[in-house]
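Coordinate-derived values only; no laboratory data. Everything numeric here is computed off the predicted structure, so don't read it as measured data. Note that each Cβ is placed from the backbone with ideal geometry, even for glycine, and that neighbours are counted across all protein chains shown.
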Amino acid sequence: MAIDFGRTAADYARHRAGFPEIFFERLLGDGSVHPGDAALDLGTGTGTVARGLALRGCDVTGLDHSAPLLAQAAELDRAAGVQVKQVRARVENADFASASFDVVTAGQCWHWFERARSAALVRKWLRPGGRFVIAHFDWVPLNGNMVQDTERLILAYNAGWTMHSGSGLYPAWLKDLAEAGFNDLRTWSLDVEVPYSHADWRGRIRASAGIGASLDEAKVQRFDAELAEMLAKRHAGEPMAVPHRLWVLSGTAPGLLD
């Protein structure tokens, strides 16, 4: 079954941990983002990055092809008291004028795109000197921890799931930006523990690509019951401290493309 996060939009909005405050603090602190910037958030989903930028004074456009995710984003934006312009389209088919944005962000989504084409489009849409920021906030599986146990259970239900055993680091993305002509490439990372109750972790996994976004409802329910049983037996304490790694890459657009 094709991956469709729209099928799990409610769990996605409620249970997926957004980027931590330090992510936004660093972007403003290192000059990647300034209040008043025109910002485009690719693969905006439920709007965690777009909303964070809007709360810090940016004029934000959120781009996503999923109507259910954009609907969740709009609800969360209203609750937060911010406005984000929404555009429904795939990145590769989006149409923005050249030099329209001061900053473009891609949070937890760059791997879903046609990367070479998308990087070229981002360079076109950015003003000279604008920054492109790719960021991930991934759980980290370690030997014997609950993340590893969860990933093993996901694989038992979805053997085709390939996004397991990650380090939260994405060195290949530097080549994507360099080959598209970006310069002044910078990376940084930070480890953060995120507290999750059993119920919230189950919701988080239901919202993942390997489960709710790709399996039928009956399988999702069976998986969820088995995950609840595993957590109760092997990781009973709550809240659980779930290790995550924040990884950020940014690059500067040198000028306009012909």
(message) Test of understanding: in a Gaussian network model of the chain with alpha carbons linked when under 10 Å, which of ALA38, ALA71, ALA199 would top the mean-square fluctuation ranking?
(response) ALA199
(message) Only bridges whose two residues both fall in the chain count here: according to DSSP, what percent of them are antiparallel, nearest 5?
(response) 55
(request) Taking H placed 1.01 Å from N in the peptide plane, check which residues at least 5 places from ASN158 or on another chain put their amide H under 5 Å from its amide H. (result) none
(message) Once you place label points 7 Å from the Cα toward the Cβ at GLU25 and GLU75, how far apart are they in nm?
(response) 3.1
(request) May I ask you to list the lysines whose Cα is less than 29 Å away from that of LYS124, ignoring any residue fewer than eight positions away on the same chain? (result) LYS85, LYS175
(request) Average the reciprocal distances over every distinct pair of alpha-carbons in the range 203-258, invert the result, and give the Kirkwood radius in Å. (result) 14.8
(request) For the chain, count all C-alpha to C-alpha pairs, find those more than 31 Å apart, and express that count as a whole percent of the total. (result) 24
(request) Please work out the FRET efficiency for the pair GLN221 and SER165, using the Cβ-Cβ distance as r and a Förster radius of 30 Å; give the result to the nearest 0.05. (result) 0.70
(request) Obtain the radius of gyration and the Kirkwood radius of the range 110-258 from its C-alpha atoms and give Rg over Rh. (result) 1.08
(request) Take the alpha-carbon centre of the range 234-255, take the same for the range 81-146, and report the distance between them in whole Å. (result) 17
(request) At a temperature of 37 °C and a viscosity of 0.692 mPa s, determine how fast the range 96-172 diffuses translationally according to Stokes-Einstein, using the Kirkwood radius over alpha-carbon pairs as Rh; express D in µm²/s, rounded to the nearest whole number. (result) 221
